[in-house]
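Let me begin by presenting the structure, written as structure tokens, before commenting on it.
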Amino acid sequence: MIGSIRGILLEKQAPEILIEAGGVGYEVQVPMTSFYQLPDVGQEVSLCVHFVVREDAQLLFGFANKQERAVFRELIKASGVGPKLALTILSGMNAAQFMQAVSLDDVTGLTKLPGVGKKTAERLVIELRDRLTKLSVAPSNTEAFGRVSSLPIENTFLQSNDAKEEALSALVALGYKPAQGSKVINSVYKSEMSSEALIREALRAMI
């Protein structure tokens, strides 16, 4: 089992990043709550990871700390919840917020997340309430920030000039419908916003 990865951050295209470690580039999917904590391209990054092996793919999911990963692992054990939905849930809420929503039986709050209907939300509350209370993982055992690398960053990440386009692409990848994502993005957009800031505000507006 791969438990962590440390290397140079080569690309950031939410919700996926590319990390070079030992001469190999690893594609890692991260929830937006962890994505916001990433350093700039060209810097060293360290993440806790969860490795998923399927018949058609081998996937790496990265997290800024052990608490986020622990909640992710509990989520994918729940009925009807796969890695993609778990990633979406932890993009709309961080681990602590999700644990609080479950402990308070906040079905309404959970249903605001894409892919989480009322029945799924109720099932999450029932299945995870007791399991999440047993988690005692410190939230910041592993930090995403790292030291600056000597790797040149020119041409390592071709960032689109259109923050709206990047933000919409990220929201669609997380399960939001294009029309829904576009409407919210336009409602919170400000000219000085980066794509990351725009994604953050759009997700906040949807919850």
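The values are calculated or read from the model by the stated rules, or taken from the named source; none is laboratory data. These numbers come from a predicted model, not from an experiment. Cβ: placed from backbone, ideal geometry, glycine included. Neighbour counts: every protein chain shown.
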Quick test of your reading of the structure: ILE17 fulfils all but one of (1) in contact (Cβ under 8 Å) with a residue 40 or more places away in the chain; (2) in contact with a strand residue (DSSP E or B) (Cβ under 7 Å, 6 or more places away or on another chain); (3) over 19 Å from SER195 (Cβ atoms). Name the failing condition by number. (3)
Taking only segment 189-207 into account, find how many residues are among the acidic types (Asp, Glu) and free of Cβ contacts under 8 Å to residues at least 40 places away in the same chain. 2
Say we look at segment 91-149 and pick out the residues that are of a type outside the set (S, T, N, Q) and touching a strand residue (DSSP E or B) at 6+ places or on another chain (Cβ under 8 Å); which of these is modelled with the lowest pLDDT? VAL148
ALA57 is checked against (1) exposed (fewer than 14 other Cβ atoms within 10 Å of the Cβ); (2) in contact (Cβ under 8 Å) with a residue 60 or more places away in the chain and fails just one. What number does that condition carry? (2)
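Considering only residues that are in contact with a Leu (Cβ under 7 Å, 6 or more places away or on another chain) and either touching a residue at least 24 places away in the same chain (Cβ under 8 Å) or over 22 Å from LYS177 (Cβ atoms) (or both), which ones fall in segment 104-116?
Selection gives PRO114, GLY115, VAL116.
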Of the numbered conditions (1) at pLDDT below 95; (2) closer than 13 Å to PRO83 by Cα; (3) of a type in the set (Phe, Trp, Tyr), TYR36 satisfies every one except a single condition; which is it? (2)
Would you mind telling me which numbered condition in (1) buried (at least 19 other Cβ atoms within 10 Å of the Cβ); (2) within 26 Å of LYS134 (Cα to Cα) VAL45 fails? (2)
Of these, LEU168, LEU174, LEU198, which one is at pLDDT 85 or above, outside the structural domain of VAL30 (by TED's automatic domain parsing) and touching a Lys or Arg at 6+ places or on another chain (Cβ under 9 Å)? LEU198
